[in-house]
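Take a look at the structure below.
The values are calculated or read from the model by the stated rules, or taken from the named source; none is laboratory data. A quick note: this is a predicted structure, and the numbers were derived from the prediction, not measured. Every residue, glycine among them, receives a Cβ derived from its backbone with ideal geometry; neighbour counts consider all protein chains shown. What goes into the accessible areas is simple: the full protein's heavy atoms, side chains included, and nothing from ligands, DNA or RNA. Shrake-Rupley method; radii C 1.70, N 1.55, O 1.52, S 1.80 Å.
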Amino acid sequence: MSEPVRRELTIPNETQYLAAVREGVREVVTLGRFPEKELNKLTLAVDEAVTNVMEHAYEYDLEGEMHIQVVLEANDTQFVACIRDWGKAFDPTAVPTPDLTRHVAEGRRHGLGIFLIRQIMDEVSYRSTPEGCNELRLLKRAKASERDVRGAVAVRGGRGL
Amino acid sequence: MPDFSISRETLPNDIELVKVSGFLDAHTFEQLEEALNELFSQGRYRIIVDLTNVDYISSAGAGVFIAALSETQEKGGQIVLLNPTKGVLDVFDLLGLTQIFSVVKDRQEAVAAF
């Protein structure tokens, strides 16, 4: 198992910063030597989670001090993303999986993000702390057959998520 | 980050070609939504969306196509997706949309789909 690579980003509650989050995912997956085959899907899952915070926890409100903390960590065996906000409590794990056929038939464009996150990640958990922090944790394990056998170079270690 | 842009071209047989470039996410999807709504307001429901230069799409972007599909079908039209990249197709696959949309590789095939 290689040393984990960790990145922590704090972004304002503005969709223009989604690109920076996606770049952070690309960086930890690549440097942490998590199988690159999963890169696009992991990028998508984290993007969807952060977008949900903007939409539900902060409701796209740009007023006040609203920020989102994204902590990303990967090594060759697992990728973990923790998304923290201090807005309205919203537990995406409690949302029922949408019926996609019905969604499409009705031309509805919302609610697909949670479906994608569940499709992509192995574990999705949510907790709300007494201090008013909402934390969503996403975990993906590398398949043994896809692991990089060359071994990883640790760029920057850190506390495990 | 590549700039997001949308251009429009009218083809024979009342077909509209909409070319999209850049990342189609929660930051940019409204621009595409507005462009398609403008076509609908002009009674244009035969639409090809060229996705050759879209490297990334999230559910916000995919949602625009779901809404547009519903709108075009109600009016007897169609929306055809031209040459999506693998990354975009993967997302459509995850959402089960590849069976619902008409997805083609080249422009000739796209025009013939109507």
### Message
Give me the one-decimal nm value for the distance between modelled label points at B:SER41 and A:GLU3, 7 Å along each residue's Cα-to-Cβ direction.
### Response
5.7 nm
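Rank these by accessible area, largest first, 1.4 Å probe: A:HIS67, A:HIS103.
From most accessible down to least: A:HIS67, A:HIS103.
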### Task
Could you work out the relative contact order of the stretch B:5-112, using alpha carbon pairs under 8 angstrom and six or more residues apart, expressed as a whole percent?
25 percent
### Message
Of all beta bridges DSSP finds with both residues in the stretch B:5-112, what is the antiparallel percent, to the nearest 5?
### Response
30 percent
### Query
If you place +1 on the Cβ of every Lys and Arg, -1 on the Cβ of every Asp and Glu, and leave all else neutral, what size is the dipole of the protein assembly as shown about its Cα centre, to the nearest 20 Debye?
920 debye
## Note on the structure
Sorting B:SER21, A:SER128 on solvent-accessible surface, 1.4 Å probe, most exposed first, gives A:SER128, B:SER21
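Using only alpha carbon pairs under 8 Å that are at least six residues apart, calculate the relative contact order of chain A and give it in whole percent.
Details: 311 pairs, mean separation 52.1, N = 161.
Relative contact order comes out at 32 percent.
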### Query
For the Cα atoms of chain A, what angle does the longest principal axis make with the long axis of helix A:18-32, in degrees from 0 to 90, nearest 10?
20 degrees
### Query
Using only the Cα atoms of the stretch B:38-114, what do you get for the radius of gyration and for Dmax, in Å?
12.0, 33
### Query
In whole Hz, what ³J(HN,Hα) sequence does the stretch A:115-131 give by Karplus (6.51, -1.76, 1.60; θ = phi - 60°), x for Gly and Pro?
4, 5, 4, 5, 5, 8, 8, 7, 9, 9, 9, 9, 9, 10, 8, x, 7
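Considering only Cα-Cα distances, which of the following residue pairs are longer than 26 Å: A:LYS41/B:LYS75; A:LYS41/A:LYS143; B:LYS19/B:LYS86; A:LYS88/A:LYS143; A:LYS88/B:LYS19; B:LYS19/B:LYS75?
Over 26 Å Cα-Cα: A:LYS41/B:LYS75; A:LYS88/A:LYS143; A:LYS88/B:LYS19.
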### Simple spin-label estimate for B:GLU109 and B:GLU34 in nanometres, 7 Å along Cα-Cβ
3.3 nm
### Task
Please calculate the 1.4 Å probe accessible area of B:ASP93, with all protein chains present, and give it to the nearest 10 Å².
90 Å²
### Task
Mind pulling the angle between the C-alpha long axis of helix A:39-52 and the longest principal axis of chain A? Nearest 10 degrees, somewhere in 0 to 90.
30 degrees
## Note on the structure
With label points set 7 Å from each Cα along the Cα-to-Cβ direction at B:LYS86 and A:ARG26, the distance between them in nm comes to 1.6 nm
### Message
Going 7 Å from the Cα of B:ASP93 along its beta-carbon direction, which residues of the stretch A:91-134 have the amide nitrogen within less than 16 Å of the resulting point?
### Response
A:116, A:119-121
### Query
What are the semi-axes of the equivalent ellipsoid for chain A, taken as the square roots of 5 times the Cα gyration tensor eigenvalues, largest first, in whole Å?
27, 20, 13
### Message
For a test of the definition: using alpha carbon positions, the gyration tensor, and the 1.5 limit on a/c, classify the stretch A:1-94 as rounded, prolate or oblate.
### Response
prolate
### Message
From the protein chains alone at 1.4 Å, what is the descending order of accessible area for B:ASP3, B:ASP25, A:ASP91, B:ASP50, largest first?
### Response
B:ASP3, A:ASP91, B:ASP50, B:ASP25
### Task
Once you've got the GNM for chain A with C-alpha springs shorter than 10 Å, pick whichever of A:ASN52, A:ASN13, A:ASN40 has the biggest mean-square fluctuation.
A:ASN40
### Task
Please determine, in degrees from 0 to 90 and to the nearest 10, the orientation of helix B:59-74 with respect to the longest principal axis defined by the Cα atoms of chain B, where the helix direction is its Cα long axis.
10 degrees
### Task
Report, by chain and number, residues whose modeled amide H sits under 5 Å from the one on A:HIS67, excluding near sequence neighbours (fewer than 5 apart, same chain).
A:TRP86
### Query
Can you pull the semi-axes for the protein assembly as shown, root of five times each eigenvalue of the Cα gyration tensor, sorted largest first, whole Å?
35, 21, 16
